[in-house]
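Trainee: Encoded as structure tokens, here's the structure I'll be asking about.
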Amino acid sequence: MLTTVAKKSELLPGKAIAKSFNNVPIAIFNIDGKIYAIDDACTHAGGSLAEGEINGMTVTCPWHGATFDIANGSATGAPAFEAVKGYKVVVEGDEVKIEA
């Protein structure tokens, strides 16, 4: 089942926004026109990944510098060692949808 979580027009290239999906905060990224979604809360201390610095396909948590792969949510740098959940994203027109 697909659920609309955002509009593609809300997502500026190279930026992220925070939304909610099934009452879970998620970060939605626009990287070179492709849309990705992962849980928004860093697994180290809960910082918002949507507010983090984006460098290529990596997002850095603004609280303590943990890094995550935007494509799949894997933890790529300490102090986080546990991945965040990644979501399958489908874009239909201007609608960004996530598979539940």
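Trainee: Could you give the alpha-carbon Rg of region 61-100 over 2.2 N^0.38 Å, rounded to two decimals?
Mentor: On the way: Rg = 13.0 Å, N = 40, 2.2 N^0.38 = 8.9 Å.
Ratio of Rg to 2.2 N^0.38 Å for region 61-100: 1.45.
Trainee: Mind listing the Cα extents of region 11-54 along all three principal axes, in Å, largest one first?
Mentor: 28, 23, 11
Trainee: Select from region 5-90 those GluC sites (Glu not before Pro) which occupy a DSSP coil region and have at most 16 other Cβ atoms within 10 Å, ordered by residue number. Working shown, then result.
Mentor: Values: sites: Glu10, Glu51, Glu53, Glu82; in loops: Glu82.
Those satisfying the criteria are Glu82.
Trainee: Leaving ligands, DNA and RNA out of it, report the carbon-plus-sulfur percent of the accessible area of region 1-87 at a 1.4 Å probe. Numbers along the way, then the final one.
Mentor: Values: 2260 of 4500 Å².
Here it works out to 50 percent.
Trainee: Follow-up question, since we're still on this one. Over the chain, give the accessible area per residue in Å² for a 1.4 Å probe, as an integer. Intermediate results must be reported in sequence, preceding the final value.
Mentor: Numbers: 5230 Å² over 100 residues.
That works out to 52 Å² for each residue.
Trainee: Taking 0.36 nm per residue of sequence separation and subtracting the Cα-Cα distance, how much length would be gained by fully extending the chain between Lys8 and Asn72, in nm to one decimal?
Mentor: Values: separation 64, 0.36 × 64 = 23.04 nm, distance 1.94 nm.
Full extension of this stretch gives 21.1 nm more.
Trainee: Let me ask another. What does the charge dipole of the chain about its Cα centre add up to, to the nearest 20 debye, if the Cβ of each Lys and Arg holds +1 and the Cβ of each Asp and Glu holds -1?
Mentor: Working: 8 positive and 12 negative charges, 21 e Å.
Here the size comes out at about 100 debye.
Trainee: Find the centroid of the Cα atoms in region 78-99 and in region 28-56, then give the distance between the two in whole Å.
Mentor: The distance from the Cα centre of region 78-99 to that of region 28-56 comes to 9 Å.
Trainee: For Phe81 and Ser20, calculate 0.36 nm times their separation in residues minus their Cα-Cα distance, and state this gained length in nm to one decimal. Could the numbers behind the result be given before it?
Mentor: Values: separation 61, 0.36 × 61 = 21.96 nm, distance 2.37 nm.
Full extension from Phe81 to Ser20 adds 19.6 nm.
The values are calculated or read from the model by the stated rules, or taken from the named source; none is laboratory data. Here the structure is a predicted model, which is why all the values come from computation and not from measurement. Every residue, glycine as well, gets a Cβ built from its backbone with ideal geometry; the counts of neighbours run over all protein chains shown. Surface accessibility is based on the protein's heavy atoms, side chains included, excluding ligands, DNA and RNA. Shrake-Rupley method; radii C 1.70, N 1.55, O 1.52, S 1.80 Å.
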